[in-house]
């Protein structure tokens, strides 16, 4: 949902997701002299609460050495920027944000221009798609404020629940849909070590569901970790190793739900089935309820079970999932990897460079030159890239 309001010279654009509301403020440059920043007050109509929002930055002349992690009201220390993200929003809540331009002296800021905007956050559960972004490492500063400089294992369940933000729960709920005989689960796993995921799959097997797991088993440390976990939870009877050279399962992490052998839904995304994947790195769990899309992922799993090397699989995967002719058409188009050429990478870069209004992308392990060019020379008026980085002791260190 999005909404825009203007009163006098000040306007505010609000864009809401499930857990985040982005506010963009606009004030003519001629009106900016003397502006200290913006104070934000939020009314939560769902919970019946109203309060000033807080931030970390302060006026040096008022609070020269703020303690790390301490929050300050934006009414005394306003936001000194024209965008602000409220990460404390909750799904399916109705909010009113009052935005005040503050002027005067930093020690006693005075309210000037004001505008209010109403916005509602989205549900975590859609009809066809359910998308869950964990908090992971991207929220490390807020993690430290809440839980201190402690690893999640030291804090306990509260830290894991906060880092998950529904990702772990969505995986567990998806597995639980295989309620007994006739139902099945087909899993592709690179990191396959999370206790809760392995327990849930074992429970599905014990209910009589047809469960099969294809796991990464090239001769490396991840193979060792996977097989140690499989042995620990007694899942050897439902697990098959993939050890063909050149094609790991790091980009084919999926669970397909079947009924009488036919695909019903698919869980995919970037999340490994490990503590690091679910809670540590920034990742997404994407559930699609379309049986035709799920059927393609079921085909993918069967293809990878053949245990053939990358040289044999790449061309087959590219042929099965060609690049779409019209990226804006009303369609869902899986694009499987690895592929035998870089055409898909070129295609993604072409879409990025051709964006007109805005471009938003996330990156890990570096940004390919194609996308550097898209960000430097593209058409989008607003270009935003999020690059993952880890710092401090806020989360597990496994690969996402």
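A few notes on this one:
- Taking 0.36 nm per residue of separation and subtracting the current Cα-Cα distance, fully stretching the chain between residue 375 and residue 118 would add 89.3 nm.
- Going from the residue with the fewest nearby Cβ atoms within 10 Å to the one with the most, 97, 384, 143 rank 384, 97, 143.
- Ascending count of other beta-carbon atoms within 10 Å, so fewest first, for 84, 52: 52, 84
- Distance between modelled label sites at residue 125 and residue 80, nm, 7 Å Cα→Cβ extension: 4.5
- Overall dimensions of the chain, expressed as equivalent-ellipsoid semi-axes from the Cα gyration tensor (√(5λ), whole Å, largest first), are 43, 25, 20.
- Scaled radius of gyration (Cα, divided by 2.2 N^0.38 Å) that segment 61-124 gives: 1.37
- Taken along its three principal axes, the alpha carbon spread of segment 216-292 comes to 36, 32, 28 Å, from the longest extent down to the shortest.
- Burial ordering of 35, 23, 10, fewest other beta-carbon atoms within 10 Å first: 35, 10, 23
- Contour excess over end-to-end distance, with Cα ends at residue 295 and residue 7 and 0.36 nm allotted per residue: 98.5 nm
- At R0 = 51 Å, FRET efficiency that the Cβ-Cβ distance of residue 50 and residue 312 yields, to 0.05: 0.25
- Angle between the chain longest axis and helix 167-176 axis [Cα atoms, degrees, rounded to 10]: 40
- nm² value of the averaged projected area, convex hull over the Cα atoms of segment 2-120: 7.2
- Cα pair distances in segment 1-48, grouped into 5 Å bins until the bin that holds the longest one, percent each: 5, 14, 24, 26, 16, 9, 5, 2
- Among 68, 33, 322, the residue with the largest mean-square fluctuation in a Gaussian network model of the chain, with springs joining Cα atoms closer than 10 Å, is 33.
- Applying 1/(1 + (r/R0)^6) with r as the Cβ-Cβ distance of residue 158 and residue 385 and R0 = 35 angstrom yields a FRET efficiency of 0.65.
- Taking a point 7 Å out from the Cα of residue 73 in the direction of its Cβ, the residues of segment 38-59 whose backbone N falls within less than 20 Å of it are 38-45, 48-59.
- If you wrap the tightest convex hull around every Cα atom of segment 230-269 and split its volume per residue, you get 124 Å³.
- Whole-number D in µm²/s for segment 242-348 (Stokes-Einstein; Kirkwood sum over Cα pairs; 25 °C, 0.890 mPa s): 164
- Average Cα contact separation per residue, the chain, under 8 Å, 6 or more apart, as relative contact order %: 14
Every read-out reported here was derived from the displayed coordinates using simple, explicitly stated rules and does not represent laboratory data. Fair warning: this is a prediction, and the values are worked out from it, not measured in the lab. With ideal geometry, Cβ positions are generated from the backbone for all residues, glycine too; neighbour counts draw on all protein chains shown.
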